Amino acid sequence: MKIPYGESNFKKVITEGFVYIDKTAFIPMLEEVGSFLFLLRPRRFGKSLFLSMLEHYYDIAHKDEFDELFGKLHIGQNPTPLRNSYPVLTMDFSGIDTDGGYDAIFGLVNDKVDSALLDFLRRYGHPKSIQAEVLAMTSPAAKMERFMSVMSGQKLLLLIDEYDHFANSILADDLKLFQRIMGKGGFVRSFYEVLKTSTQRGTLDRLFITGVTPIMLDSMTSGFNIGQNLSLHEDFNEAIGFTKAETASLLQPLVSACKLDADALMADVTDWYNGYRFNDDASETIYNANMVLYFLKNFRLKDCSYPDPMLDDNIASDYGKILGMFSIGDRDTNFSVLDALISQGEVSAEQRRKFDFEKGFDRDDFISLLAYMGFVTLQRKTPFGEVFVIPNHVMRELYFQYFKVELERRNQMSISTQALRLAVEALAMRDDMQPLITEMTQALQLLSNRDAMNMDEKHIKVLLLTLLYQVPVYFIQSEREINRKYPDILLLERNPIVLPHQHLIELKYCKKGKSADKYVGWEAKTKEGIAQVQGYLQLPEIARLKNLSAWLLVTDGERVDVTNLTSQNS
């Protein structure tokens, strides 16, 4: 298979024989729902290819290529009357450096608008004199206003990709600058005011915009309030990204070539890349398209092994940058959300459709922002709000990596990544738990009273998981349900990394007593933990794990005792 990882040009994907998951059935649905549409999805989800597909379907310049491009697809057999009926203006606001301040950002956005308008005028054969008139305008709004004046009498389709890309970065760094650019009198709002006027005059007939978050929608309300946001609409849950059936079809050649267990392969890909739901009534969760394509592109057929790493560095970098948004609003509130997610597994909030930064930024705003970015996803609704969870293992790894940063910042401490690397190496290669216990004990001693005053077993486990996630060599499972039993931590082999030892870890927390007996109940907690671990080892699913070592850790928040209850299975 030719895997279109990183490819966002629809024509290239189709004509050069790349695998393409057909999303063209959504075209009639988009036409029926409205003319001015927003569809938001997390970064690296497949939005740009979807937009390129729309461009090639509607552009009059591609009319003669319709059969070649769409003949084998759903829409090729069921075209709508609007096919190849528009001059199409495309804009892409990604790649704008936001470090230079207001003037620099204004100039870069201006350049983006220049480039898009000039490309349009050249493609459709407009005179150089008109090109010069448009380019002579000094702001994005003025350029667009002059352009729409020239186009008066025609009907245009405008496609905007990554409409909020630069805005997300600005918001993470400087809320006041964000409000200056996006708010009343800002050049971005003025730009969208021109678009609204163009729709009223009939020149801008249809508009489709993609991005990640709706953070600009409220800022643009007075400038552009006629767009429909389809991002949380049940009918469009599967429009971008892959369904389970679509993912299975992509994995089938690997199953055939390598004689793999199809269910096991699907389970692994699901653990890593699935889990996104954008409407509670949606029939299924969605796989991140680019992550699945990365897996396929980098699967090693010569030895039938998974990619190493399982997450593309480019994607990790993108999400790492977005983690800067954890500093928006009250950082302690945001930290409490992060703590709840990784210790309890879920948080609840009323999901926002828009953000109004003039009114502040509260906990519901923060959780909603995480959902749009793909860091959490909707699991279910209750009468009191929506419940959100971490969607997959990729996001869980990123959370724990960031949680370490926040722990260090809040407690003015430093946890050595190199020491953790050596500790996990000792555990994985020599079945030696002691270096990890040393690192854990040191971290517990460094925690401030603020984070230690409510210490319990849950917090101990979060700390241990945080340490383990810094060295991504195991597939880490926390409280996985096995026959209605819940081992605290499983460290399992993850393809393609081969390690001589897997581990089961059970944690017990013993509160300090105020009597002369310093460790009240310590012996009882130890006996309880040993019994639990022995029970886990009798479970068939656990017994089948090869080279499994079982451990009991008992702690009071300072002292940590470890018991090896190893069961070696061949």
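The values are calculated or read from the model by the stated rules, or taken from the named source; none is laboratory data. Just so you know, these numbers come straight off a predicted model, no measurement behind them. No Cβ is skipped: glycine too gets one built from the backbone with ideal geometry, and neighbour counts run over all protein chains shown.
If you go through the range 21-34 and keep only what is of a type outside the set (Asp, Glu), in contact with a Leu (Cβ under 8 Å, 6 or more places away or on another chain) and either modelled with pLDDT under 95 or not in a helix (DSSP H, G or I) (or both), you end up with Ile21, Thr24. Any residue that is modelled with pLDDT of 90 or more and over 21 Å from Asn237 (Cβ atoms) - is there at least one of those in the range 355-363? The answer is yes, given that some residue of the range 355-363 is modelled with pLDDT of 90 or more and over 21 Å from Asn237 (Cβ atoms).
Flag set for Lys63, criterion: assigned to a helix (DSSP H, G or I), surrounded by fewer than 16 Cβ atoms within 10 Å (Cβ to Cβ) and in the same structural domain as Gln200 (by TED's automatic domain parsing). Cβ separations smaller than 7 Å between residues 6+ apart or across chains give no pair from the range 451-465 residues that are at positive phi to residues that are modelled with pLDDT under 85. Answer yes or no: is there a residue in the range 351-368 that is among the acidic types (Asp, Glu), not assigned by TED's automatic domain parsing to the domain that holds Ile226 and not in a helix (DSSP H, G or I). Checked against the condition, which is being among the acidic types (Asp, Glu), not assigned by TED's automatic domain parsing to the domain that holds Ile226 and not in a helix (DSSP H, G or I), the range 351-368 yields at least one hit. Report yes if Glu397 is acidic (Asp, Glu) and at pLDDT below 95, otherwise no. When the stated conditions are applied, Glu397 passes them. A single entry from Phe208, Phe299 fulfils the requirement of being closer than 30 Å to Gly185 by Cβ and either surrounded by fewer than 21 Cβ atoms within 10 Å (Cβ to Cβ) or at pLDDT 90 or above (or both): Phe208.
Restricting attention to the range 327-368, the residues that are surrounded by fewer than 17 Cβ atoms within 10 Å (Cβ to Cβ) and basic (Lys, Arg) total 4. Asp111 satisfies every condition listed in (1) modelled with pLDDT of 95 or more; (2) outside any loop (DSSP other than H, G, I, E, B); (3) in contact with an Asp or Glu (Cβ under 9 Å, 6 or more places away or on another chain) except (3). Would you mind stating whether Val387 is part of a helix (DSSP H, G or I), β-branched (Val, Ile, Thr) and touching a strand residue (DSSP E or B) at 6+ places or on another chain (Cβ under 8 Å)? No: the conditions fail for Val387.
Given the criteria surrounded by 16 or more Cβ atoms within 10 Å (Cβ to Cβ), farther than 25 Å from Ser343 by Cα, of a type in the set (A, V, I, L, M) and not assigned by TED's automatic domain parsing to the domain that holds Val269, does Leu499 qualify? If you could, list the steps in order and put the result at the bottom.
On the way: surrounded by 16 or more Cβ atoms within 10 Å (Cβ to Cβ): yes; farther than 25 Å from Ser343 by Cα: yes; of a type in the set (A, V, I, L, M): yes; not assigned by TED's automatic domain parsing to the domain that holds Val269: yes.
Against the criterion (surrounded by 16 or more Cβ atoms within 10 Å (Cβ to Cβ), farther than 25 Å from Ser343 by Cα, of a type in the set (A, V, I, L, M) and not assigned by TED's automatic domain parsing to the domain that holds Val269), Leu499 qualifies.
In this structure, Glu358 does not qualify as charged (D, E, K, R), under 18 Å from the mean Cα position of the chain (by Cα) and more than 18 Å from Asn229 (Cα to Cα). Of the residues making up the range 20-38, those that are among the hydrophobic types (A, V, I, L, M, F, W, C) and exposed (fewer than 15 other Cβ atoms within 10 Å of the Cβ) are Ala25, Met29, Val33. Restricting attention to the range 260-300, the residues being basic (Lys, Arg) and either closer than 19 Å to Pro42 by Cα or without any contact (Cβ under 8 Å) to a residue 24 or more places away in the chain (or both) number 1.
Okay, residues lined up against (1) over 14 Å from the mean Cα position of the chain (by Cα); (2) under 24 Å from Gly241 (Cβ atoms):
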residue: Asn314; (1), (2): no, yes
residue: Asp339; (1), (2): yes, no
residue: Gly345; (1), (2): yes, yes
residue: Gln351; (1), (2): yes, yes
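Scanning the range 161-181 turns up no residue that is crowded, with 18+ Cβ neighbours inside 10 Å, more than 21 Å from Ser94 (Cβ to Cβ) and modelled with pLDDT under 90.
Checking each residue in the range 232-246 for being buried (at least 20 other Cβ atoms within 10 Å of the Cβ) and assigned to a helix (DSSP H, G or I) picks out only Phe236. Within the option set Ser448, Ser414, being of a type in the set (Ser, Thr, Tyr) and at pLDDT below 90 holds for one residue only, Ser448.
Filtering the range 385-428 down to residues that are exposed (fewer than 15 other Cβ atoms within 10 Å of the Cβ) and β-branched (Val, Ile, Thr), which residue is nearest to Ser327 (Cα to Cα)? Out of the qualifying residues, it is Val405. Among the residues of the range 17-33, the one identified as touching an Asp or Glu at 6+ places or on another chain (Cβ under 9 Å) and more than 30 Å from Asp205 (Cβ to Cβ) is Phe18. One residue stands out in the range 36-45 among those that are part of a loop (DSSP other than H, G, I, E, B) and at pLDDT below 95: the one that is nearest to Glu246 (Cα to Cα), namely Phe45.
Matching residues to (1) over 40 Å from the mean Cα position of the chain (by Cα); (2) modelled with pLDDT of 95 or more; (3) surrounded by 19 or more Cβ atoms within 10 Å (Cβ to Cβ); (4) in a strand (DSSP E or B):
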site: Lys508; (1), (2), (3), (4): no, no, yes, yes
site: Gly513; (1), (2), (3), (4): yes, no, no, no
site: Ala516; (1), (2), (3), (4): yes, no, no, no
site: Lys525; (1), (2), (3), (4): no, no, yes, no
site: Ala550; (1), (2), (3), (4): no, yes, yes, yes
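Table: residues versus (1) free of Cβ contacts under 8 Å to residues at least 12 places away in the same chain; (2) within 29 Å of Asp22 (Cβ to Cβ); (3) touching a Phe, Trp or Tyr at 6+ places or on another chain (Cβ under 7 Å).
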position	(1), (2), (3)
Leu37	no, yes, yes
Phe45	no, yes, no
Leu54	no, yes, yes
Glu65	no, yes, no
Leu73	no, yes, no
Thr98	no, no, yes
Arg123	no, yes, no
Glu133	no, no, no
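Of all residues in the range 337-355, those that are of a type in the set (Gly, Ala, Ser) have Cβ atoms under 6 Å from Cβ atoms of residues that are surrounded by 14 or more Cβ atoms within 10 Å (Cβ to Cβ) and at pLDDT 90 or above, 6 or more apart or on another chain, in Ala340/Val347; Ser343/Val462; Ser348/Val387; Ala349/Asp364; Ala349/Ile367.
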